[in-house]
Amino acid sequence: MKMTGAMETSFKLALKKPPPLRTAEDLHTIYCHLYHMDVLSHLREHQLRSMCTSARYERHEAHHILFYPDSIATSWYILLSGSVFVKEHMYLARCCFGKQLEGRRGCECITLEPSEMIVVDNGSEGDDGFLQRDGSQRRSRRRFRRVNPRGERELITDGQEPTGYNTLPADLNKMHLTDHAHQQVMHMPPSQSGCSIASDSGSSSLSDIYQATESELGDVDLSGLPEAAVDSEEEEEEDEDLERASDTLLGRDLVRECLEKDPADRNDDDIEQLLEFMHQLPAFANMTMSVRRDLCSVMVFEVVEQAGTVVLHDKQELDLWYVILNGAVEISHPEARVETLCMGNSFGISPSLDKQHMHGEVRTKGDDCQFVCVAQEDYWRILNHVEKNTHKVEEEGEIVMVKEHRELDRSGTRKGHIVIKGTPERLIMHLVEEPSVVDPTYIEDFLLTYRTFLSNPMEVGKKLLEWFHVDSLRDTVTRIVLLWVNNHFNDFEGDPAMTHFLEDFEKHLETAKMKGHLRLLNIACAAKAKWRQITLQKASRESPLYFSVQGGSERGFGIFVESVEVGSKAAEAGLKRGDQIMEINGQNFENISFSKAVDILRNNTHLSLTAKTNIFVFKELLSRIVHEKKNGGLHIPKIQEKKGNRFSIADLPGDMEFPSDHKSTRKMKANTVSGGRNKIRKMLEKTRFSILPPKPFSDGGVGQSQDDSIVGTKQCRHSVAIMPIPGNLSSSSPDLLHPATSVLDFSNPADIPDQVIRVFKADQQSCYIIISKDTTAKDVVAHAVNEFGLLPAPETYSLCEVSVSPEEVIKQRRLPDQLSKLADRIQLNGRYYLKNNMETETLCSDEDAQDLLRESQISLLQLSTMEVAAQLSMRDFELFRNIESTEYVDDLFKLDSSVGSGNLKQFEEVINQETFWVATEILKEPNALKRMKTIKHFIKIALHCRECKNFNSMFAIISGLNLAPVARLRSSWEKLPSKYEKLFGDLQDVFDPSRNMAKYRNVLSSQSMQPPIIPLFPVVKKDLTFLHEGNDSSVDGLVNFEKLRMIAKEIRHVVRLTSANMDPALMFRQRKKRWKSLG
């Protein structure tokens, strides 16, 4: 919402006041504006009011650096105007950024234009006051009904306590994420009754898993096998820590607390909490958000304790509408027909004031059945009030849009009209109309979901170009295009027509002399472009390439594709004019000369290219070439290609501020080939090795172990690979696998480089070299020659990779000089060797090869449970974060797009991969005691995944332990200590399926649960599937935009879980502090 006039002035004046001097009127003014912001819509009333007492206003000019990579995160920001650039992402007005509870930032934040923002300080260490309501605020009258076995209703109020509630067994063997076909039963004419919603197709694989556990547990007698103890004192100490950690697995049931309140006592927070829960239920399908909100404000909670209780008798007069929250009921109709309704279905009255009677008998099928009930008068009033609040827009006698008046809070400060449905043409036109205070995200929702009702995005593009020539609409159109590029750049990358649209829009900005907006567009396009893999084959080195390139480091640019021959293999493979080539065959092209790049392209018959769209920087390159031809020489740009400050945007100003303190200089040095033995020793003392076994995964996504190399896995950018202290090393895999006393201590990241590798000589001497991902093989050779004190010039040496196959076959290959990402490439069964090109020598003898092969074979029990959980979480989080928001829509509506939903499918497969990995690791162990140790190991890993907020892997591990082949290993389970049995039960209880997995949802929605979070993906998909299949896409011939708005909101909520980086340094820090406080 754009603020204007007196409202804006009063808001800023209130924010500028020191917090202790703010009056009640100031706090109310701030609260009203914060309430209107969609980026804060997930916060409750008490949180917003708490924020009002500490938030402050700041304004910064363009090119101001808000924070540096080494800065400690003490606050986060809400952008009111302007734009900022943070780690390859541009944030526009009405966005929040910089959320990080603690630790170092790890990246810079630069304002791209004069920007206004709200600064919110992080809470003090360990203080949850901001995240929790005061106890006094939670006290309210309880009012709900309990039905005894005789069918008698008892009203429970504050003076009475129920005798206790039966809870469903937390047994995942009985859990099925795929529900039966939902039904909604009301006693009304057949044409009005029924609402069929298909089950979640995304849960079928999990359903198969759980069905497998239904078989009886068999007994496997392995008592004759030799057994050996593998426990250690460190494990015993860790066991004590686990007991403490398991105490807080489950939080309070906020939904039930809200339901038990007297409806008159429910505040806006309570209604929002109920609304989030109820919108997933079939009974509320095809209802607008205002109807759902009103129903949540009047519904009464009812509990039926025992199975077989009659809720409604035949011919009983009806006065309530029921929705099942937990359990199931059976309806016995007079014609001997029996109908079963489960969670989310409804029964009872229809929305009418006429007298109605029950036809049949309703009886509960299980204990602890829970309902919400709405009185007949309220139900009729709310559903019939919708028509009075609607406004129909007509053109030429036809309805083209329907709007609804809404009040989103009881204070009346947030009310207005919101679009419910409309024709595609009218929805496009609404993009440039005055935004409503109750619908601030219409543009974002439209840009995400237009693909469901428009076959060609150029229908929107043509209108935007047309409206750009209207002076009053120009700024609005520019903001829409910036949002489109920033949020969904994949709409432009694979579509030539949309790429041409961007070029036309750039010309319009140049003509209108909107240089600031043009610069923002350039930055957004360069930052949002994705890297693509392209493979080309040439018959011989002399064969033509069918494309030409320009650029080079001598011009201050990368290598760009200048032209591609139409219909050639290069064009068919996806190479396009304006693509920037990032690397070829593993060699970095970001800072390479033009002649060197051409040599590599010509001299290789197999070309594996990594490219990304960068059309605007390419055009700057062409402009530079024209300028050079006119002036007869190369033009050297102000910003050179330096590691510390390289941007892909050619037109960034030369006076940009960059950190120059000693810490930044020291870190920059550590990120190149550098450092002496003392620095390496200091780093090795602070860190330790993180590794995952590659065998369970065939997709190459897991960080493979890297002999002695220190590795950040391909997906985990912040993973730091770790070596032991010299003097305590074996030749290939040092004793990095045993638990250490200091776990993941990254207290001073400035001293920790990206990666470390170990380089050997033929006599098996070795040295450690600190590198970055961009360090080339040639750089490593130069440094290794210096470290070994060799006399010949570095040019006489090369870097070789030696590996040993399981069949003990030694393989050796020379690495190209420009090969980078060296730590990512080495495997457990491989080593890097420095080879003299002038001599013929054996780098790795047969005896050394056997040692290398033996040391590369490690077992799961050798790995730290915390590190396995951390690596699983970082790997899965990278996959989850790479999912484009449009992929959810394409997958949900089964749309064909140029981008597809590859990232989504890859992440969807993770849960099955990890589930069967767990079973494989347990079942391949012949020793019963070690099988028990492996089970115990996985229970620990699951708990640590919970601490990493990785619910997907946590659920996968629990699923693997519940698979029938594992569950029937009675001998192994009987050896499991009782405290681990209890811990396993507690972990399972988080995913109790009752009340639509209310316990899991409660944990996930807890305000102390801040990003980064990896949710349980089958539940995410189930919720989206319900919103799609439970609501019509078209109503009365108009696009049901209310449905699309709900889907967009759900996707935004999912994407918000990735808004912070997953930092291994912070995963277990809170855990340590909590334990320390417990003594």
Over the C-alpha atoms of segment 518-639, what are the Rg and the largest Cα-to-Cα span, Dmax, in Å? 14.5, 44
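From the gyration tensor of the Cα coordinates in segment 970-1071, what semi-axes in whole Å does the equivalent ellipsoid have, largest first, with each one equal to sqrt(5λ)?
Numbers: eigenvalues 260, 83, 20 Å².
Ellipsoid semi-axes (Å, largest first): 36, 20, 10.
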Per 0.36 nm of contour for each residue apart, how much would the distance between residue 791 and residue 565 grow if the chain were fully extended, relative to their Cα-Cα spacing? 76.4 nm
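Enter the accessible area per residue of segment 801-873 (Å², integer; probe 1.4 Å; all protein chains in place). List each step's numbers first, then the result.
Working: 3310 Å² over 73 residues.
Result: 45 Å² of accessible area for each residue.
Normalising by the residue count of segment 250-312, find the relative contact order in percent from Cα pairs under 8 Å and 6+ residues apart. List each step's numbers first, then the result.
Values: 36 pairs, mean separation 23.8, N = 63.
Normalised by residue count, the contact order of segment 250-312 is 38 percent.
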Label zone at residue 850, where the point sits 7 Å out along the Cα-to-Cβ direction: segment 796-812 residues whose backbone N lies under 19 Å: 803-811
Quickly rank 799-809, 394-404 as a protection proxy: mean count of other C-beta atoms within 10 Å, highest first. 799-809, 394-404
Using the heavy atoms of the protein chains alone and a 1.4 angstrom probe, what is the accessible area of segment 297-346 per residue in square angstrom? 35
Which order do the peptides 940-947, 67-74 come out in when sorted by mean C-beta neighbours inside 10 angstrom, highest first? 940-947, 67-74
Filter on 421/530; 99/619; 515/629; 463/528; 513/894; 949/982 - keep pairs with C-alpha separation over 31 Å: 421/530; 99/619; 513/894
Pairs 924/979; 403/1021; 87/924; 16/87; 392/1049: which are spaced more than 32 Å apart, C-alpha to C-alpha? 87/924
Using the per-residue mean of other Cβ atoms lying within 10 Å as a proxy for protection, in what order, highest first, do the peptides 855-862, 581-588, 276-283 fall? 276-283, 581-588, 855-862
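Would you mind calculating the gained length between residue 471 and residue 1053 on full extension (0.36 nm times residue separation, minus the Cα-Cα distance), in nm to one decimal?
Details: separation 582, 0.36 × 582 = 209.52 nm, distance 3.53 nm.
So the chain would gain 206.0 nm between residue 471 and residue 1053.
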What distance in nm separates the two pseudo spin-label positions at residue 606 and residue 862, each 7 Å out from Cα along the beta-carbon direction? 3.1
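The values are calculated or read from the model by the stated rules, or taken from the named source; none is laboratory data. Owing to the predicted nature of the structure, the values given are computational and were not obtained by experimental measurement. Virtual Cβ from ideal backbone geometry, glycine too; neighbours counted across all protein chains shown. Just so you know, the surface numbers come from the protein's heavy atoms only, side chains and all, with ligands and any DNA or RNA stripped out. Shrake-Rupley method; radii C 1.70, N 1.55, O 1.52, S 1.80 Å.
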